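Undergrad: Mind having a look at this structure? Questions to follow.
The numbers here are math on the coordinates, done by the rules we state, and not lab data. No experiment lies behind these values; they were computed from the predicted model shown. Neighbour counts are summed over all protein chains in view; Cβ atoms, including those assigned to glycine, are modelled from backbone coordinates with ideal geometry.
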Number of protein chains: 2
Amino acid sequence: MSAISFNVIATDGAARAGTLTTPHGSVPTPCFMAVATLGGFKGVTVQQAEDLGQGIMLSNTYHLALRPGPERVRKLGGLHAFTGWRGPMLTDSGGYQVFSLAANRKITDEGVWFRSHLDGTAFNLTPEESIRIQRLLGADIIMAFDECPAADAERSAIEACNRRTAAWLERSVRAWRAPDLPGGANEQALYPIVQGGLHRDLREASLADAVRHELPGTALGGLAVGESFADRLQVLDWMCPHLPSAKPRYLMGVGTPLDLVEAVSRGIDQFDCVLPTRMGRHGTAYTDNGPMRVKRLEYAEDPRPVDPDTPSQASRVSRAYIQHLLKSGEILGGQLLSLHNLAYYQRLMARMRAAIVAGTFTEFADKFRASYVDAPAEAESSESTKIGKRASNDDG
Amino acid sequence: MSAISFNVIATDGAARAGTLTTPHGSVPTPCFMAVATLGGFKGVTVQQAEDLGQGIMLSNTYHLALRPGPERVRKLGGLHAFTGWRGPMLTDSGGYQVFSLAANRKITDEGVWFRSHLDGTAFNLTPEESIRIQRLLGADIIMAFDECPAADAERSAIEACNRRTAAWLERSVRAWRAPDLPGGANEQALYPIVQGGLHRDLREASLADAVRHELPGTALGGLAVGESFADRLQVLDWMCPHLPSAKPRYLMGVGTPLDLVEAVSRGIDQFDCVLPTRMGRHGTAYTDNGPMRVKRLEYAEDPRPVDPDTPSQASRVSRAYIQHLLKSGEILGGQLLSLHNLAYYQRLMARMRAAIVAGTFTEFADKFRASYVDAPAEAESSESTKIGKRASNDDG
């Protein structure tokens with residue numbers, strides 16, 4: 001018996017509306033999972049996240065393993081008790097850090113040796129160790145330990161990733177089923193991660209490896225790692241029709257609001273991304289018209305809330321006020337935009353779900369694509385560079 | 001007719017419980033006013049501050065004049081509309097910056113020339129300009145422009161401060177009564193500020209200057225500027241019996257929880273201080289047992305909330321968790337402690353008020369003095385140094 005259950009209640013084209021039930025409650029899907037790398041949303045309390053309707057908290061095994069360590073979290077009652085988050089929770093396996101911390105790790109068939117990004121000490125992650133940590137942390141959904149390649153990796157390197165990802169999945173499943181630790185198969189759902197880069201045959205081979213284990217969900221990894229928007233959609237077009245339809249489908253680390261609309265239209269159910277809080281901290285509000293850089297001169301005396309259509313604690317104040325806080329270096333500015341962005345993402349998911357249920361998702365998506373304008377190329381590329389640098393710290 | 005009214009509903013010894021009514025609502029006194037230097041509480045949204053029962057927001061004329069400027073705030077509807085704060089509000093006059101930014105200003109009888117702490121540009125504050133700015137900002141209570149001397153100033157320098165403070169009070173009152181600007185005497189209460197350093201006769205002379213104008217409240221300034229705890233209490237012992245009893249008495253910039261208990265016991269009604277948010281951001285929680293440095297090793301696995309007796313968003317998590325956030329450099333740690341500290345200060349004021357009404361204030365204060373232990377001398381002095389450095393930036 002699986003620790004989670006999933007029901008699709010409506011479809012519209014390939015898009016699905018459903019309910020994901022975990023030991024810590026149910027969430028409507030498609031759902032966006034806000035990132036709490038170290039066990040806390042950046043700049044946002046769990047109370048605020050709950051008030052905004054956040055459904056699932058996502059934390060990171062690699063970071064929590066280094067600090068404060070899984071034994072301490074376990075001693076303090078597990079990640080739910082530790083963080084105060086009462087709802088469903090997912091932990092990543094550390095496989096993404098194989099990519100994002102590429103400069104500080106060495107891979108063998110056994111596992112990965114990291115040099116800690118904190119103090120340089122050596123730290124070993126294997127499938128067994130990743131699952132052991134995730135069992136001690138106690139999230140409702142845990143992830144198999146995989147090897148995530150870069151978007152521009154050679155085909156041969158991606159083949160090697162696939163081999164390791166398949167072998168590590170076997171070992172992850174065994175460690176998840178082993179009876180000698182807290183948590184595990186009866187209390188936690190394990191998802192396999194499909195890799196394969198931008199190669200259709202390698203993606204399909206990785207999926208075949210994944211589905212063999214009949215796990216409670218399926219994750220697509222190795223996207224949002226530097227590939228183009230078009231390449232990302234191409235992979236979704238190849239893969240979505242073949243992902244097990246009775247189980248939740250999780251697209252890891254994606255993405256912008258437009259990414260979410262495109263992926264939902266292709267049948268994805270779960271998402272996570274650092275963008276809402278990271279971009280909020282750095283002065284950007286997401287809206288149906290695209291990202292709004294609140295520091296721009298045109299908003300200096302703008303009395304409107306950043307997004308009149310999305311209620312949040314940021315709705316009580318003006319663009320001018322938030323700009324004032326941002327320009328003054330007050331963290332409250334970034335907090336308010338993080339709250340807005342989380343509210344916006346939640347509302348976007350809720351609107352997509354309602355459209356799927358009503359059978360109007362195609363219209364919704366078309367309208368969204370028409371209204372959502374990404375930032376001008378110049379600003380965007382400079383932002384991407386900054387984001388890239390920050391992403392290398394790999395911290396929500 | 002005054003813009004505010006004040007009713008003492010109970011006394012217990014010199015301590016007073018009352019109600020202060022302003023154009024933006026009533027607050028029970030004694031009351032603590034949380035500091036929002038630039039128009040935002042640091043790390044705390046107005047919604048959170050309201051939920052914690054904060055009564056009055058305090059902002060700073062000097063800082064808001066430099067950025068975003070009073071004309072812009074006015075254009076956006078005044079400080080209430082600008083910040084989203086619906087309750088009573090007080091603005092300081094900039095007189096405190098005469099002390100705190102002493103390295104960057106020049107005083108004449110006309111007023112004070114500052115070099116902006118932001119970009120070095122010259123900025124002039126006179127009584128007329130301070131009141132003009134405060135009228136544009138639109139707080140319920142505004143402060144006369146004064147000259148605040150350092151605790152260790154020569155007697156002759158303090159005499160000169162008194163002369164200027166008296167002359168500037170005259171000019172502040174005139175500017176407050178002038179009909180040609182928004183706000184002013186019909187909508188805003190002006191408080192005079194009593195200076196005089198640690199000299200009883202100079203304090204009494206300054207008070208005599210202040211009361212002559214029959215303004216709606218009285219403020220004691222020039223404390224918490226480097227004098228000892230004993231000296232501070234000495235000044236309160238001299239002055240409190242002579243402060244007009246029918247009007248609210250405001251002790252500016254003070255202080256620690258113990259300071260508040262001592263001052264309430266002597267008849268003070270209003271307080272403001274940056275300590276709850278500043279110390280929270282830097283890892284300290286206030287409790288009835290004194291300040292708790294949450295990063296201390298002994299709390300690394302402590303499952304209790306920082307203060308089991310004070311409900312706030314921080315009560316949902318453990319000391320161990322907040323220590324983890326602080327050690328990881330997550331701003332959420334400082335946010336949670338700021339929320340706790342504001343909740344603690346509010347609760348302390350409410351407990352004092354209840355004790356005054358019940359006629360048990362002496363017992364409450366004695367019990368508090370016995371339980372409240374300040375940090376060990378070593379830690380305290382290093383903290384004081386740091387706080388002193390931060391205070392010189394003079395920013396909540």
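Undergrad: Partner chain Cβ atoms within 10 Å, averaged over the residues of A:36-48 - can you pull that number for me?
TA: Working: counts 2, 2, 7, 7, 12, 2, 3, 5, 3, 10, 5, 7, 5.
Shielding by partners across A:36-48 averages 5.
Undergrad: Multiplying the sequence separation of A:Arg67 and A:Ala178 by 0.36 nm and subtracting their Cα-Cα distance, what value in nm do you get? Intermediate values should be presented prior to the final figure.
TA: On the way: separation 111, 0.36 × 111 = 39.96 nm, distance 2.54 nm.
The span from A:Arg67 to A:Ala178 would gain 37.4 nm if fully extended.
Undergrad: Under the definition of partner shielding as Cβ atoms of other protein chains within 10 Å of a residue Cβ, what is the mean value for peptide A:336-343? Before the final figure, lay out each step's value.
TA: Details: counts 4, 0, 0, 2, 0, 0, 0, 0.
So the per-residue partner count for this stretch is 1.
Undergrad: Okay, moving on. Place a +1 charge on the Cβ of each Lys and Arg in the stretch B:5-273 and a -1 charge on the Cβ of each Asp and Glu, then give the dipole magnitude about the Cα centre in debye, rounded to the nearest 20. Intermediate values should be presented prior to the final figure.
TA: Values: 25 positive and 30 negative charges, 118 e Å.
I would put it at about 560 debye.
Undergrad: Using +1 on the beta carbon of Lys and Arg, -1 on that of Asp and Glu, and nothing else charged, what's the dipole of the stretch A:104-235 about the Cα centre, debye to 20? Please report the intermediate quantities before stating the final value.
TA: Details: 15 positive and 20 negative charges, 19 e Å.
Dipole of the stretch A:104-235, to the nearest 20 debye: 100 debye.
Undergrad: Along the charge dipole of chain B, Cβ charges K/R +1 and D/E -1, which of B:Leu207, B:Gly111, B:Thr45 sits furthest on the positive end?
TA: B:Thr45
Undergrad: In cubic angstrom, how much convex hull volume per residue do the alpha carbon atoms of the stretch B:198-308 span? Before the final figure, lay out each step's value.
TA: Details: hull volume 13.3 nm³, N = 111.
Expressed per residue, the convex hull around the Cα atoms of the stretch B:198-308 is 120 Å³.
Undergrad: Turning to a different aspect of this structure: What do you get when you divide the Cα radius of gyration of the protein assembly as shown by 2.2 N^0.38 Å, with N the number of residues? Write down the numbers at each step before the final one.
TA: On the way: Rg = 29.4 Å, N = 792, 2.2 N^0.38 = 27.8 Å.
Taking the Cα Rg and dividing by 2.2 N^0.38 Å, one obtains 1.06.
Undergrad: At R0 = 41 Å, how high is the FRET efficiency between B:His213 and A:Ala370 if r is their beta carbon distance? Nearest 0.05 is fine.
TA: On the way: r = 64 Å, r/R0 = 1.56.
Efficiency for this residue pair is about 0.05.
Undergrad: Related question: Percent of alpha carbon pairs in the stretch A:168-224 separated by more than 17 Å? If you can, show how the numbers build up before the last one.
TA: Details: 648 of 1596 pairs.
Distances greater than 17 Å cover 41 percent of the Cα pairs.
Undergrad: Given A:Gly138, A:Val306, A:Phe99, which one lies farthest toward the positive end of the charge dipole of chain A, if we put +1 on the Cβ of every Lys and Arg and -1 on the Cβ of every Asp and Glu?
TA: A:Gly138
Undergrad: Calculate the FRET efficiency for A:Ala157 and A:Asn289 from the Cβ-Cβ distance with a Förster distance of 25 Å, rounded to the nearest 0.05.
TA: Details: r = 40 Å, r/R0 = 1.59.
Approximately 0.05, to the nearest 0.05.
Undergrad: Could you tell me the convex hull volume per residue, in Å³, taken over the Cα atoms of chain A?
TA: Numbers: hull volume 51.2 nm³, N = 396.
Once divided by residue count, the hull of chain A is 129 Å³.
Undergrad: Dipole magnitude of the protein assembly as shown about its Cα centre, charges +1 at Lys/Arg Cβ and -1 at Asp/Glu Cβ only, in debye to the nearest 20? Show your work: numbers first, answer last.
TA: Values: 84 positive and 90 negative charges, 38 e Å.
Using only the charged Cβ atoms, the result is roughly 180 debye.
Undergrad: With 22 Å as the cut-off, how large is the P(r) tail for the stretch A:133-264, expressed as percent of Cα-Cα pairs?
TA: Distances greater than 22 Å cover 35 percent of the Cα pairs.
Undergrad: Over all residues in A:322-328, what is the mean tally of Cβ atoms on other chains that come within 10 Å of each residue's Cβ? If you can, show how the numbers build up before the last one.
TA: Working: counts 1, 1, 12, 5, 0, 3, 11.
Counting other chains' Cβ atoms within 10 Å and averaging over A:322-328 gives 5.
Undergrad: Let me ask another. Give, as a single signed number, the net charge of other residues whose beta carbon lies under 13 Å from the beta carbon of A:Arg203, with Lys and Arg counted +1 and Asp and Glu -1. Intermediate results must be reported in sequence, preceding the final value.
TA: On the way: positive: A:Arg155, A:Arg200, A:Arg232; negative: A:Glu159, A:Asp201, A:Glu204, A:Asp209, A:Glu227, A:Asp231, A:Asp237.
It works out to a net charge of -4.
Undergrad: I've got another one for you. Exceeding 19 Å between C-alpha atoms, which entries from my cross-link table qualify? They are B:Lys42/B:Lys247; B:Lys295/B:Lys327; A:Lys295/A:Lys327; A:Lys327/B:Lys295; B:Lys247/B:Lys367. Provide the component values of the computation, followed by the final result.
TA: Values: B:Lys42/B:Lys247 30 Å; B:Lys295/B:Lys327 7 Å; A:Lys295/A:Lys327 7 Å; A:Lys327/B:Lys295 30 Å; B:Lys247/B:Lys367 29 Å.
As for pairs spanning more than 19 Å Cα to Cα, those are B:Lys42/B:Lys247; A:Lys327/B:Lys295; B:Lys247/B:Lys367.
Undergrad: In chain A, with Lys and Arg counted as +1 and Asp and Glu as -1 at Cβ, which of these residues, A:Ile322, A:Leu79, A:Leu258, has the Cα nearest the positive end of the dipole, that is, farthest along it?
TA: Sorting the options by dipole projection puts first A:Leu79.
Undergrad: Do you know the relative contact order of chain B, to the nearest whole percent, from alpha carbon pairs under 8 angstrom that are 6+ apart?
TA: 18
Undergrad: Further question on the same structure: When the Cα centres of the stretch B:201-222 and the stretch B:17-34 are compared, how far apart do they sit, in Å?
TA: Comparing the Cα centres of the stretch B:201-222 and the stretch B:17-34, I get a distance of 21 Å.
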